[in-house]
Amino acid sequence: MLVFAASGRPLIPLQDVGTFPEESMTVDTILNRLTNQFNKVEDYTARVDISVEMPYFRMPNKTVELYFKQPDKVKVESDGFAVVPKTGLAMSPARSFSNLFDLHVAGREKLHGDSCIIVEGMVNPDSLKFKMWGDEGEQGISVTSRLWVDEKRWVIVRIETFVDTTRMLSIVTDYEELNGGIQLPGLTEISFSIGGRFLGRLGDHDPMSGPFGDSGESYAPDVESDFQGTVRLQFSRYKVNQGLKDKIFEKTTF
């Protein structure tokens, strides 16, 4: 049975989630602690090994060089064409939260033995690439995101996005701890499953664009089947807080 909030939107059922006893742990408090952790890194470079399993698309495993500088400068260097999902790369917590509204603490849950706070919110329609609410007389859809925040390390370890009550996107990140308590991604796995009914809403929009870059290829959605895939990003060879110059990022279009 679905439960509806006061706004009329369906709430995605939470499984094995406890209540959160600390009244002071607000969304603002959580964002501040995430930001404090994120700000330990002024810049970094890393090697990223990328593998893609996706229908209608073939790409051999690729290795790219990633450059990041606060607050949001990102550059990717690759030998030849490579799909690099922006969703899996450096993104400030403030930017992640800014795409959501009606944010609230939904509870807590243990993931792999680590206690996580769950923050949930509706996705801002302006951040989407497809028709969200429908035309007059047509039933619209709601898009909800849920973020799992490790309350010991203060990093986002999982993000799940739902269309109505169906999970469409999952981003799971294992972190590597560097000197000074810096936490940076070690492995990120992005899994998505877009139902045929929802593909019809995309129209001519290429699902490879947006968070998955530009494939340069046309895409004709098959509304009779689902579109599923996985992108894995393995990070290594970090060099942190080197004082990267702005000119490194001047010619990037990422």
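Computed from the coordinates by the stated procedures, all read-outs in this text should not be read as laboratory data. Since the model is a prediction, treat every value here as computed from it, not as a measurement. Cβ: placed from backbone, ideal geometry, glycine included. Neighbour counts: every protein chain shown.
Amide H to amide H distances under 5 Å link Leu100 with Asn124, where only residues 5 or more positions off or on other chains count and H is placed in the peptide plane.
In this structure the amide hydrogen of Gly107, modeled in the peptide plane, comes within under 5 Å of the amide hydrogens of Ile118, none closer than 5 places in sequence on its chain. When the listed pairs Lys110/Lys239; Lys69/Lys152; Lys40/Lys247; Lys75/Lys110 are checked against a 29 Å cut-off, the alpha-carbon distance exceeds it for Lys110/Lys239; Lys75/Lys110.
Per Stokes-Einstein, at 25 °C and 0.890 mPa s, what whole-number D in µm² s⁻¹ belongs to the stretch 28-79, with the Kirkwood radius over Cα pairs as the hydrodynamic radius? Estimated via Stokes-Einstein, D reaches 182 µm²/s. Here the Karplus curve 6.51 cos²θ - 1.76 cosθ + 1.60, taken at θ = phi - 60°, turns the phi angles of the stretch 155-163 into couplings of 9, 8, 9, 8, 10, 10, 10, 10, 9 Hz, with x standing for Gly and Pro. The 3J(HN,Hα) values that the Karplus relation (6.51, -1.76, 1.60; θ = phi - 60°) gives for the stretch 169-180 are, in residue order, 9, 9, 10, 10, 10, 9, 9, 10, 8, 9, 4, x Hz. Gly and Pro appear as x. What GluC sites (Glu not before Pro) in the stretch 19-99 are in a loop by DSSP, with at most 16 other Cβ atoms within 10 Å of the Cβ? In loop regions of the stretch 19-99 (DSSP not H, G, I, E or B), the sparsely surrounded GluC sites (Glu not before Pro) are Glu22, Glu23, Glu42. Computed from backbone phi, the HN-Hα couplings of the stretch 47-62 come to 8, 10, 8, 10, 10, 10, 10, 8, x, 6, 8, 10, 8, x, 4, 10 Hz, rounded to whole numbers (Karplus: 6.51 cos²θ - 1.76 cosθ + 1.60, θ = phi - 60°; Gly and Pro given as x).
Around Lys40, which amide H atoms from residues at least 5 apart in sequence, or from another chain, sit under 5 Å from its own amide H, with H modelled in the peptide plane? Amide H neighbours of Lys40: none.
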